[in-house]
Every structure is written in C-alpha cells, then in structure tokens.
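*Asks:* Have a look at this one.
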Amino acid sequence: MTLSETKLSRDNVDEAKDDAGRLQQYKNLTKHEELRRRRTECSVEIRKQKGADMMMKRRNIVDDVEEEIASESEVDEPKKQPTVRLSNDEIKSILSNNPSENDMIRCFESLRKSLSKTKNPPIDEVIQSGLLIALVQALTVQSERVQYEAAWALTNIVSGTTEQTIAAVEAGATAPLIQLAVHSSSQISEQALWAVANIAGDSAQLRDYVIKCHGVEALMMLMTRLDDLTDSHVRTIAWAFSNMCRHKNPHAPLEVLRVLAQGLVKLVQHPDRQVRQDACWAVSYLTDGPDEQIELARESGVLPHVLKFFKEAENLVAPALRTLGNVATGNDSLTQSVIDLGCLEQLVPLMEKTKSSSIMKECCWLISNIIAGTQKQIQAVLEANLLPLIINILKSGDHKCQFEASWALSNLAQGGNARQIVAMMEENVVPALCHALNHTNTDMLNNTLETLYTLMLTVQNKFMDILHDQVEENGGLDALERLQESQSEQIYSQAYRIITQFFSDDDGADVENTPKEQPASAAWNF
C-alpha cells in the first residue's frame, strides 16, 4: 500500500467514526460500509503480522560462496573461478566497446552481485550511472546467461523504492521481463517473473501497467506448465498472483480478477505449503473489495479449498480466516455461502486449540461479520455454540480480540430477535459487559453500552431484577456512573441513558430523559 493509499484509508476511517455511533442504533443500517471500513484497518495490520514471506517486494540475495556454487547449474555454464567485481565505470567502458558474450556475462554478473548485497545495495548508483538501460537491453540479447544475470539485477532494482521501480519501468524493463517470464528455461522464467511480481507489488498503477503489458496472459501460460515446474518456481507464481490481486485503489478490473481466480483454484490445491499459503493470501486480496469481487471467488469454486486450511498450520489458517471473513462482509447471500460451507462448525475446535491471539482475533472478526447478517444467520452462530466463546473472550481475552468480540455482541444486539438477545444473558454475558466498561477504547465502550442497553430494554418486563443485581454485583453501575464523566458526548449519553432509564430510584422522575425513540425490541413480548 502506498503512502497516499494509506492516508486515504485513514481519512475514510475518521469520517466514518463521526456518524457511526448514532447509526449503530438501527439494525444493519451501516452494516456493509462499517464492516468494510474495519476490514481496511485490519488489512494493514494482518500484512504486518504475516511476516516476510508475503512482502510486496522481495530481493534475491545469495552469499558469494553460495552463488558461485550455484552459478554452474543456473545456466549450464562450466564452473569457473570467482570473478573480480567491476566498478560501474569499468562496466560502462567494456559494454561501450563492442563486447563479446563473455564480456557481457562478466559485466552483468558483477553488476548483479553488487545489487545483491545484503545491506545498502547501490541501486541509485546503478540508475544514475546509466546502466539501467544496458540491463534492459541485455534482456533481449540472445544469450541465456546474459538474460539471466540482467533479470536478476533488475529484480533487485525493482525491489527498491517506488522511485527506483519507476526508473526501471520507464527504462522499458516491464515488457521484456514479461516475455522472459514464459521462457523455456525455468531459471530465466522464474527470475524474470520475480522481477515482474516486484513491479506489480509496488502500486496499483504499476500493477495496471503489468496487466497492460500482458502480465496476466504470461501468468496463465505458466499455469499450463505448472506440473513441470519446480516448487520454487510455483511459489514465485503464487506470490505474483497475490501482488496482482493485492491493491485496492483501484482494484484490478473484474475481467482480470475473474481470470486470476481460475488460476488460484489450482494453486490453493498445490502440494507445496508455501504455494498454498501465498495463493490463499491472493484469494484474501481478491475478496477484499465490493460484492462483485467476492462473487468471483465464490463462482470460481475456490472457497471450499480455502476452508480446508482451517485444519492445517496456522500460517494457512490466517489467510483462510481473512478470506472467509471478507466473504461474510458481502450481501446476505454471500454471508450465507460461508455458513453453507460448514465454516461455523469448524470454528469451535479452532478457537479452543489456538494459542495465537491474531488467529483468535480473526475468528471473532469472522463471527461478527456473520452475526451482522440475518436473524437466521445469527441463529446459525448460536446453534454452533460460538456465543459462549465470544463472551469469554470479551471478559478475559487479548485486547484486540476483546474489541472484535464487542462488535460481535453489538451486532447481535442490533440485529437479533428477543430470544437471540436473551441468549446472551443465559450465557452469562453481564460480567463480561461490566468488565468491558472499564476499557478506554471509545468504539469498544460504545459497543458495550449499546449491547447492555438493548439487553436491558429487551428483558425489562421479565428479568430486570436479576439483571439489576448482576450489573451491580459486577461493578457495572459504578462503571456507568464513572462513564457519565467521559469526555465523549456519545459515551456520556449512553451511560446516562442506561442509569436514568433502568437504575433510577424514582422511575417517574426521569421520564423526560428517557429516549422517545426506542428500538423495536421494546415491544417484544416473550
């Protein structure tokens, strides 16, 4: 994500927060907009969590000793003594004087080694020296060794900053790299595709330029040769798919994503775990958008394969949860498709065994998205026995997990029927809600206050005495009184509303303060 894209997302978050509180009183009024906003926030965080394996850009670094040993097999050249590193001026001088094939190999190998340094590779120096054009021209030289060395060097240049990547693109590197990505030599093909993936990973604009230069066609051509490629090569293909699906401002065109989705169905079934992992992250990016994009994933048939990852290692569970959570933010039909897969039944054992707070957070996020659906979908969550787990997380889970659990319960309170809301009380939700009233996160407090208010409103004709006692015994009334001193007008109003409507000694004294507009749940009789 570029800086401008990040700023745009944050601006949207701030705008959404202004109106979110009052609108949350009405069932599902802002369901899709609010959940998509939160998904955008989470996407940045989950990318940080997943580590270097799914970075947008990757450098190809090999130690001097290792790469000298590897050089023999890379391009079928005879083993030779380590070459002397040439300066940029020496390289320019040799290349300017009708160089032989061996001269070019020596120059571009030396250049590639310089750019493969672990720390501070001299990318800017190479660009400023004018050798970028030489590297691009080397891609079309009829020598596999020259093409390979040049592709490797360019891979590391376009793994740099956006400015460095743009310099390579403006020098004309993209189209010849895409052509080499389907080369008959697996080594050249993989290295060139690596560079193309780095370009596509830089920004939505460069991703679109890769598409314009027939990068998608190259990827799909490689998919026809998948069974003949090494695992390393297929990993690069899967990672390239992820970068083609990744960007959001703008998203890739639907017709492109439809083609990529068909390739992803095959990649998520590959025997290599790293391939499956990268492919699943690609599916998560594909579904991180409007309903039309999510529908492409459903139509492709990839989702049942994604669900199978729930039973694999957690580095596969994470993108699977992210994907199905994205699908559940769609319309009610898309949300139902997640339920129909059998996802809910698999969440209980997953949540009971995981020790990862990030996995638990994603589980809560997925559940909250499903609960934001229809009452039938809420009932499916209850019947899967997930409500006790959510309540327990709100009471004693990791802070980020508690935040997601508060959304799940708030969504249930907003959209559930009377019996479903009472189910929270039956599962002993009050101690968890009272505990959550001591948190400082404004959104979490708003969720908790809204849930408590709706619960009390729903049970006031039958169980109010029990609820009163539970709130007081768990310190809830003291917390509500403290929250009346909150700097947040919304939190103050919600706390005041609960106290005056449900804890006033003189019920008639506070009639004027009782909200005149009450949710439909006030009329429920059960």
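*Asks:* Give, as a single signed number, the net charge of other residues whose beta carbon lies under 13 Å from the beta carbon of residue 169, with Lys and Arg counted +1 and Asp and Glu -1.
*Replies:* Values: positive: 207, 212; negative: 163, 170, 202, 208.
That works out to -2.
*Asks:* Kirkwood Rh, segment 154-198, all Cα pairs: how many Å?
*Replies:* Numbers: mean 1/r = 0.0973 Å⁻¹.
That comes to 10.3 Å for segment 154-198.
*Asks:* What is the calculated FRET efficiency for residue 487 to residue 186, with r their C-beta to C-beta distance and R₀ = 56 Å, to the nearest 0.05?
*Replies:* That gives a FRET efficiency of 0.35.
*Asks:* Rg and Dmax of segment 50-286 over Cα atoms: what are they, in angstrom?
*Replies:* 17.3, 51
*Asks:* With charges set only on the Cβ (+1 for Lys and Arg, -1 for Asp and Glu), what does the dipole of segment 50-286 come to about its Cα centre, in debye to the nearest 20?
*Replies:* Details: 24 positive and 31 negative charges, 174 e Å.
The calculated dipole for segment 50-286 is roughly 840 debye.
*Asks:* Local charge sum around residue 256 (other residues, Cβ-Cβ under 10 Å, Lys/Arg +1, Asp/Glu -1)? Don't jump to the answer; show the numbers that get you there.
*Replies:* Working: positive: 207, 258; negative: 208, 255.
Spelling it out: positives minus negatives among the neighbours equals 0.
*Asks:* Suppose the chain between residue 117 and residue 228 were pulled fully straight at 0.36 nm per residue; how much longer would it get relative to their current alpha carbon spacing? Before the final figure, lay out each step's value.
*Replies:* Values: separation 111, 0.36 × 111 = 39.96 nm, distance 3.16 nm.
This chain segment gains 36.8 nm when fully extended.
*Asks:* Let me ask something else about it. Using the reciprocal of the averaged 1/r over all distinct C-alpha pairs, how large is the Kirkwood radius of segment 339-458 in Å? Intermediate values should be presented prior to the final figure.
*Replies:* Working: mean 1/r = 0.0719 Å⁻¹.
The Cα-based Kirkwood calculation yields 13.9 Å.
*Asks:* Which order do peptides 315-323, 165-173 fall in by mean Cβ count within 10 Å, highest first? Kindly include the intermediate steps, with their values, before the conclusion.
*Replies:* Details: 315-323: 25.1, 165-173: 19.7.
Peptide ranking by packing, descending: 315-323, 165-173.
*Asks:* Set Lys and Arg Cβ to +1 and Asp and Glu Cβ to -1, take the dipole of segment 50-286 about its Cα centre, and tell me which of 140, 166, 252 lies farthest positive.
*Replies:* 252
*Asks:* Picking from 297, 287, 277, whose Cα lies most toward the positive end of the charge dipole for segment 274-315 (charges on Cβ: Lys, Arg +1; Asp, Glu -1)?
*Replies:* Farthest along the dipole direction, towards plus: 277.
*Asks:* What does the extension gain come out to for residue 299 and residue 314, with contour length at 0.36 nm per residue minus their alpha carbon separation? Walk me through the numbers before you get to the answer.
*Replies:* On the way: separation 15, 0.36 × 15 = 5.40 nm, distance 2.61 nm.
Gain in length upon complete extension: 2.8 nm.
*Asks:* So, one more: Roughly how many whole Å is it from the C-alpha centroid of segment 335-382 to that of segment 429-466?
*Replies:* One Cα centre to the other: 22 Å.
*Asks:* While we're looking at this one, here's another question. Among residues other than residue 107 whose Cβ falls under 12 Å from its Cβ, what is the net charge (Lys/Arg +1, Asp/Glu -1)?
*Replies:* Values: positive: 85, 92, 106, 112, 113, 145; negative: 89, 90, 101, 103, 109, 149.
Result for the neighbourhood of residue 107: 0.
*Asks:* Please compute the length gained on full extension between residue 211 and residue 504, using 0.36 nm multiplied by the number of residues separating them and subtracting their Cα-Cα distance.
*Replies:* Details: separation 293, 0.36 × 293 = 105.48 nm, distance 6.51 nm.
Here the answer is 99.0 nm.
*Asks:* A further question follows. Could you sort the peptides 381-389, 486-494 by per-residue average Cβ neighbour count (10 Å cutoff), highest mean leading? Before the final figure, lay out each step's value.
*Replies:* Numbers: 381-389: 18.8, 486-494: 15.4.
Per-residue mean Cβ counts within 10 Å order the peptides as 381-389, 486-494.
Coordinate-derived values only; no laboratory data. All figures in this text were calculated on a predicted structure; none of them were measured in a lab. Because the Cβ atoms are built from the backbone with ideal geometry, glycine has one as well, and the counts that use them run over all protein chains shown.
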